[in-house]
Structure formats: structure tokens, C-alpha cells
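S.K.: What follows is a single structure, and I will ask about it in a moment.
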Amino acid sequence: MDPSTHLNAKEEKSRYDFHQNSPDTPGYVQFLRQLSDPLLKHLLPEQHGLDFGCGPGPTLSLLLEEAGMHMSLYDPIYFPDETVLEQQYDFITCTEVVEHFHHPLQSWQQLTDLLRPGGWLGVMTSVFPEDIDFADWHYKNDLTHVCFYTIETLQWLAARFGLVLLQNTERVFLFQKE
């Protein structure tokens, strides 16, 4: 999206505060299992992960901790502790995050730099379907969504950053760092 159309930080936070997602919301937990369940098939017990863009009520990290993983949290608004960005991880999760990147190439570079070789990056986002007109696509109506992807874009990003892309579903993508 044109940067001049981006919400300011206060407006963006206000929009995020509107979400009522927590570990006590069964539908939200089920939604996050779309990423955690396939990702866990590739992980070993006690691996270290980062929930990047975890939001105000971290839930995915709890699901992964219950499965025996060690988790760190980062969110530029709610968990802005940048010391967690000074190490590498066995896996990183980004659920409904990459569409918020104001500087996507820099953000994808950051994610891959935080990932150990052989590590996994789990991304959940809606990709633009080729069979509809962009004007009719509901996902672009969220004003905090400023960056959109196609399958081809995700494949290009994988090649650019030394990742292998495995598509799990229409909205869950697992990348492994070479």
C-alpha cells in the first residue's frame, strides 16, 4: 500500500486493541492450531522459538510451550523487548503479521537472520487469490494490512532469503532455512 495511506502508530494500536484474542477464546485457539499443529511435526522437543508479532494476548506461544517448546515473545507494540532479537531461534512464528510489514524486504531479512540454519519459519496470512479482482478481496479492507502476497511472491521471498517453501494450506506456509 502507498505509505501515505498507512495509519499512524496510535491509530494502528487502537485497531489492534479492538481484537479480543486470548488463550481463553476457543475459536482463536483453534485458528492458531492451523499453524502450530503442522509446525510441531517438524520440531524437536525443547527447541527454542520466537513468536514474532504475538499481539497483546500471546496464545500461540502457550500452545507451543504446552508441546514442550521454549518460547520468546516479540511484538513492536505489546512486547517491544528487542533483546529477544539479539539471538537466533530454531523456529519463528508469524501469525497474521507479514501483511503488516511497512518495510517487507527489511522485515523478511530480519526474520531470516533470526533463524538458525535448518530452522523453521511458520507464516499465517491470506494470499491474494488469482481468480478475484483486488477490489473485491476482503483482506485488503483492514487498514493495518499494508503488504499483500501471492504464492509467487512467497516463492520469490523463499529464493531470495535461502528458504525452502512448503505450503500447508491456503493460509499457512512453512519455510525451512537452508
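S.K.: Criterion first (closer than 23 Å to Leu154 by Cα and in a helix (DSSP H, G or I)) does Leu50 satisfy it?
M.R.: no
S.K.: Look at the stretch 156-174 and say how many of its residues are modelled with pLDDT of 90 or more and surrounded by fewer than 14 Cβ atoms within 10 Å (Cβ to Cβ).
M.R.: Going residue by residue through the stretch 156-174, those that are modelled with pLDDT of 90 or more are 156-166, 171-174.
From the residues that got through so far, the ones that are surrounded by fewer than 14 Cβ atoms within 10 Å (Cβ to Cβ) too are 156, 159-160, 162, 164.
Residues flagged as modelled with pLDDT of 90 or more and surrounded by fewer than 14 Cβ atoms within 10 Å (Cβ to Cβ) within the stretch 156-174 amount to 5.
S.K.: I'd like the full set of residues that are without any contact (Cβ under 8 Å) to a residue 40 or more places away in the chain and of a type in the set (Ser, Thr, Tyr), limited to the stretch 79-104.
M.R.: Thr83
S.K.: Let me ask you something else. Only residues in the stretch 105-129 that are within 19 Å of Ile151 (Cβ to Cβ) count as the first member; pair them with residues that are hydroxyl-bearing (Ser, Thr, Tyr) and open to solvent by 30 Å² or more (accessible area, probe 1.4 Å), Cβ under 6 angstrom, at least 6 apart or cross-chain, and list the lot.
M.R.: Partner pairs satisfying both residue conditions: Val127/Thr150; Phe128/Thr150.
S.K.: Which condition does Leu32 not pass, out of (1) surrounded by 14 or more Cβ atoms within 10 Å (Cβ to Cβ); (2) under 14 Å from Trp120 (Cβ atoms), if it passes all the others?
M.R.: Leu32 satisfies all of (1) surrounded by 14 or more Cβ atoms within 10 Å (Cβ to Cβ); (2) under 14 Å from Trp120 (Cβ atoms) except (2).
S.K.: Within the stretch 54-96, can you find the residues that are open to solvent by 70 Å² or more (accessible area, probe 1.4 Å), charged (D, E, K, R) and assigned to a loop (DSSP other than H, G, I, E, B)?
M.R.: The answer is Asp81, and nothing else.
S.K.: Pairs please, first residue from the stretch 18-32 and more than 12 Å from Gly57 (Cα to Cα), second anywhere and at pLDDT 90 or above and of a type in the set (A, V, I, L, M, F, W, C), Cβ atoms under 6 Å, 6+ apart in sequence or on different chains.
M.R.: Within 6 Å, the pairs are Leu32/Leu60.
S.K.: Can you go through Lys177, Lys140 and tell me which one is in contact with a Pro (Cβ under 7 Å, 6 or more places away or on another chain) and either surrounded by 13 or more Cβ atoms within 10 Å (Cβ to Cβ) or in contact (Cβ under 8 Å) with a residue 40 or more places away in the chain (or both)? Let's see the steps before the verdict.
M.R.: On the way: Lys140 fails: in contact with a Pro (Cβ under 7 Å, 6 or more places away or on another chain).
Only one candidate passes the filter, namely Lys177.
S.K.: Looking at Pro23, Pro38, can you tell me which residue is at pLDDT below 95, more than 20 Å from Glu99 (Cα to Cα) and not hydroxyl-bearing (Ser, Thr, Tyr)? Explain how you work it out, then say what you get.
M.R.: Numbers: Pro38 fails: at pLDDT below 95.
It is Pro23.
S.K.: Would you point out the residue of the stretch 103-137, among those that are at pLDDT below 95 and among the charged types (D, E, K, R), that is surrounded by the fewest Cβ atoms within 10 Å (Cβ to Cβ)?
M.R.: By that ranking, first place goes to Asp131.
S.K.: Another question, if that's okay. Among (1) modelled with pLDDT of 95 or more; (2) under 16 Å from the mean Cα position of the chain (by Cα), which single condition is Glu46 missing?
M.R.: Failing condition for Glu46: (2).
The values are calculated or read from the model by the stated rules, or taken from the named source; none is laboratory data. Please read these numbers as outputs of a predicted model, since none were measured by experiment. As a convention, Cβ positions derive from the backbone with ideal geometry for all residues, glycine included, and neighbour counts pool all protein chains shown. These accessible areas exclude ligands, DNA and RNA; they are computed on the full protein's heavy atoms, side chains included. Shrake-Rupley method; radii C 1.70, N 1.55, O 1.52, S 1.80 Å.
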